[in-house]
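The values are calculated or read from the model by the stated rules, or taken from the named source; none is laboratory data. Since the model is a prediction, treat every value here as computed from it, not as a measurement. Please note: Cβ atoms are built from the backbone with ideal geometry, for glycine as well, and neighbour counts cover all protein chains shown. What goes into the accessible areas is simple: the full protein's heavy atoms, side chains included, and nothing from ligands, DNA or RNA. Shrake-Rupley method; radii C 1.70, N 1.55, O 1.52, S 1.80 Å.
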Amino acid sequence: ETIKTNPVVNGGTITFPTTATLASTTNITAGTITTATTTTNLTNERGKYAMGSVWIGPTANTNTTNYTDGIITNPVSTVAAAKTIADSLNLRRFEVIRTAAAAIAADMVGYRFAGIGWSLSTTGGSRDTGTSAFIGAYVTAGTFASTSGTINWNDCEFSTGVTVGVSDLHRCDFAGTLTLSTAGNYDFIDCCSIVAGTSAP
């Protein structure tokens with residue numbers, strides 16, 4: 001609102017004192033300072049990628065403009081769009097907004113997906129998700145391969161008919177058959193059945 005003691009007004013002139021320590025004592029005259037756009041690398045975390053994550057939400061948006069799409073206030077709706085943005089910015093984390101669905105249609109090695117109450121699946125066959133982590137997902141369908149390493153699952157709920165490769169599963173629950181596709185160590189830590197009655201997966 002003020003620079004030194006000179007008020008900033010629309011269309012006004014800002015004059016730096018001749019005694020100021022500046023590279024040059026040049027006046028800014030008849031200049032326009034436009035509103036910063038979201039394509040600028042803003043210092044405000046909400047204008048960038050909160051928690052270092054690309055955001056995935058339920059509202060249709062498959063655009064991939066950096067610092068415009070995939071931010072907390074304008075999430076993208078597909079994993080493919082989110083991955084494009086993440087890879088261009090060297091990010092490895094995705095935050096999935098509640099009620100959103102993440103369908104993995106390509107290999108996703110070494111990424112982290114987190115949220116509460118979001119749906120996860122794979123499409124188009126087996127997808128390598130080795131060394132990736134999934135947190136708070138409702139896993140509805142698909143084949144999650146561990147070609148590149150152990151898959152990490154935390155606080156996830158598995159529907160019947162899901163297939164996983166070598167995995168560490170922490171605090172997960174199971175509503176039906178879970179197929180283990182690859183020989184190796186599967187660690188089930190504090191997991192449980194959510195099948196009603198005395199039956200179990």
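Within the range 125-135, take every residue that is outside any strand (DSSP E or B) and surrounded by 23 or more Cβ atoms within 10 Å (Cβ to Cβ) and give me the one that is farthest from the chain's Cα centre (by Cα). Break it down stepwise before answering.
From the range 125-135, those outside any strand (DSSP E or B) are 125-126, 129-132; that's our starting set.
If we keep only those that are surrounded by 23 or more Cβ atoms within 10 Å (Cβ to Cβ) too, we end up with 129, 132.
Values: T129: 15, S132: 13 Å.
Per the criteria, the residue is T129.
Yes or no, residue by residue, for (1) of a type in the set (F, W, Y); (2) open to solvent by 20 Å² or more (accessible area, probe 1.4 Å); (3) on the phi < 0 side of the Ramachandran plot:
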{"position": "A137", "(1), (2), (3)": "no, no, yes"}
{"position": "T140", "(1), (2), (3)": "no, yes, yes"}
{"position": "N152", "(1), (2), (3)": "no, yes, yes"}
{"position": "V162", "(1), (2), (3)": "no, no, yes"}
{"position": "S167", "(1), (2), (3)": "no, no, yes"}
{"position": "R171", "(1), (2), (3)": "no, yes, no"}
{"position": "T179", "(1), (2), (3)": "no, yes, yes"}
{"position": "A183", "(1), (2), (3)": "no, yes, yes"}
{"position": "Y186", "(1), (2), (3)": "yes, yes, yes"}
Checklist entry - Which one of these does K83 not meet: (1) assigned to a helix (DSSP H, G or I); (2) open to solvent by less than 20 Å² (accessible area, probe 1.4 Å)? => result (2)
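To keep it simple, each residue is scored yes or no on (1) within 19 Å of F94 (Cβ to Cβ); (2) β-branched (V, I, T); (3) touching a Ser or Thr at 6+ places or on another chain (Cβ under 8 Å); (4) without any contact (Cβ under 8 Å) to a residue 12 or more places away in the chain.
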position: T122; (1), (2), (3), (4): yes, yes, yes, no
position: F174; (1), (2), (3), (4): no, no, yes, no
position: T179; (1), (2), (3), (4): no, yes, yes, no
position: T182; (1), (2), (3), (4): no, yes, yes, no
position: G197; (1), (2), (3), (4): no, no, no, yes
Item to check | Matching residues in the range 117-138 - criterion: being within 20 Å of A175 (Cβ to Cβ) and at pLDDT 95 or above | outcome: W118, S119, L120, S121, T122, F134, I135, G136, A137, Y138
Item to check | Complete set of residues in the range 101-124 that are over 16 Å from N152 (Cα atoms) and not in a strand (DSSP E or B) | outcome: A105, A106, T123, G124
Checklist entry - So, of the residues in the range 107-120 that are free of Cβ contacts under 8 Å to residues at least 60 places away in the same chain and among the aliphatic types (A, V, I, L, M), which turns out to be surrounded by the fewest Cβ atoms within 10 Å (Cβ to Cβ)? => result I116
Checklist entry - How many residues does the range 27-69 contain that are farther than 18 Å from G115 by Cα, part of a helix (DSSP H, G or I) and either charged (D, E, K, R) or at pLDDT 95 or above (or both)? => result 1
